[in-house]
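Below is one structure; the comments refer to it alone.
The values are calculated or read from the model by the stated rules, or taken from the named source; none is laboratory data. The structure presented is a predicted model; accordingly, all values stated were derived computationally and were not measured. So basically every Cβ, Gly included, is an ideal-geometry build from the backbone, and we count neighbours across all protein chains shown.
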Amino acid sequence: MKIRLFILLFLTSFVSLSQFINLPNFDEKDLRFGYFIGTNQYDYKIVYKDNPEYPISVERGNGLNVGLIGELKLNKNLRLSIEPGLYSNSKKLIFNERRNFTNYNDTLWTIKSNNIHFPLLLKYSSKRLKNLKPFLKGGISASINLSELESTLENYSIDNFEFAKFNIYYELSFGIDFYLRYFKFSPSIRGIFGLNNELPDGVPDNPWTGNIKKLMTRAIFINLSFY
């Protein structure tokens, strides 16, 4: 992580202090395309019916993001951005309230996700400073989860249990456009916040989800974009 931060700071200093203006007419294009690759960490916001003595823990794992970018120029500082991609991840739900469990393995759910993620975002860019330009992005997104819940449960059938496959989010992002000699490089960090409850309706009362009122996805994306 320290190496990545050093490289980013070095690149920032190098580009900003450059005496040459790279790609001076790049932002004049009304329509442009690119691609991104990055990493993610998914989490859950859990709302309980009653305050538990031992809340559920989420063990986050690092995942991979890949996708395409299409941007439409609206005015000098504002663009409409569409960024469809595939986001893979694996995380664990650890049920710490264990009075109703007879087997330790029953307290762990492994949740693997492969999401087709489709954001529709507005990108606001500041004034260009030589070869860099900070920006903010915000908007809404939808995703379809292609994976299913995996578990080590032995005493409870979850054959008919599935988290919501289709989810809605809002997104906020900050990044910097670096104008290099032959292309533009744009690292960014993004927060994702779920709007819908992902628990299915009609699940029988059980030790796992019986005290959960709402379960909504949260995530952090770090993307490296190239145009």
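Per the conditions (1) in contact (Cβ under 8 Å) with a residue 60 or more places away in the chain; (2) outside any loop (DSSP other than H, G, I, E, B), the sole criterion not satisfied by ASN100 is (2). Considering region 118-131 alone, what residues qualify as being of a type outside the set (D, E, K, R), surrounded by 20 or more Cβ atoms within 10 Å (Cβ to Cβ) and either over 30 Å from PHE163 (Cα atoms) or modelled with pLDDT under 95 (or both)? Matches in region 118-131: ASN131 only.
Just wondering, is there one or more residues in region 146-161 that are more than 25 Å from LEU132 (Cα to Cα), at pLDDT 80 or above and surrounded by 15 or more Cβ atoms within 10 Å (Cβ to Cβ)? No, because not a single residue in region 146-161 is more than 25 Å from LEU132 (Cα to Cα), at pLDDT 80 or above and surrounded by 15 or more Cβ atoms within 10 Å (Cβ to Cβ). Within region 184-205, the residues that satisfy the criterion of being farther than 21 Å from ASN115 by Cβ and either loosely packed, with under 14 Cβ neighbours inside 10 Å or charged (D, E, K, R) (or both) are LYS184, ASP201, GLY202, PRO204, ASP205.
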